[in-house]
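A short write-up of the structure that comes next.
Since every read-out is calculated from the coordinates, none of them should be taken as a lab result. Because the structure is a prediction, the values reported are computed rather than measured. No Cβ is skipped: glycine too gets one built from the backbone with ideal geometry, and neighbour counts run over all protein chains shown.
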């Protein structure tokens, strides 16, 4: 057997064994919709499930934040609420061939005395369509497209941009790394052509009790020259670090369908040119902001 083939085989077996490792105190594994996996359900009492339960999964999210921060940029420094709906169409009874994921998300300003006034304070809405698949019970792959609308940016109405995204997450008992890339592929003149943004994150979940978990995380973003040139108005024309963040979250699982949580995230924008561009409000916050959040998640 050639040496390269042996190395590849060894690496594959190592990843698979780490994915399968069970460590005391680690929260039970969940699927994309937040439901516990079949391995966990085997020890629970039998319950009736319709045929649709095997092929369709739904989840609803509602988050309240003290500010709206996007890729390190402070877009709103007042409270917002962000609803989201996820729909999974599973290929195979338990998504053994992956799933088609559709996500609908929006951001609303809570304070109606300040702009934006139209559309109930809605500043952005996006729709996402993609494909998700898990390999070795721990490697989550995600690929798709995101379509953005900005109802309040122009008096002419909706103003759009579109992105392609792809990512991978390695769930394991130690530190869970993830890597995502976004490519702004539209050429409508509103955004830079071929702008790329890369996000690197590292998280770990601690099971404090049967229904209570503590999540810690950290990460950073890197943008290519086209992205930086656009968002700094020509101040940066090469690849650069954009921002980093530190996260703390506390989640309580009420039952198998409902969980609530609270979070704190510190964002620090590394690019002085981005901080002083017209795209955010960093001039009032030096380089960083601490954002708080309250969350509700329901799976169907």
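As a rough guide to protection, the peptides 227-233, 179-185 ranked by mean Cβ packing within 10 Å, highest first, stand as 227-233, 179-185. Shown is the FRET efficiency for residue 210 and residue 185, computed with R0 = 45 Å from the Cβ-Cβ distance and rounded to the nearest 0.05: 0.50. Taking 0.36 nm per residue of sequence separation and removing the Cα-Cα distance, the residue 260/residue 104 pair yields an extension gain of 54.2 nm.
Shown is the FRET efficiency for residue 250 and residue 287, computed with R0 = 30 Å from the Cβ-Cβ distance and rounded to the nearest 0.05: 0.70. Projected label points at residue 55 and residue 131, each 7 Å from Cα along the beta carbon direction, are separated by 1.9 nanometres.
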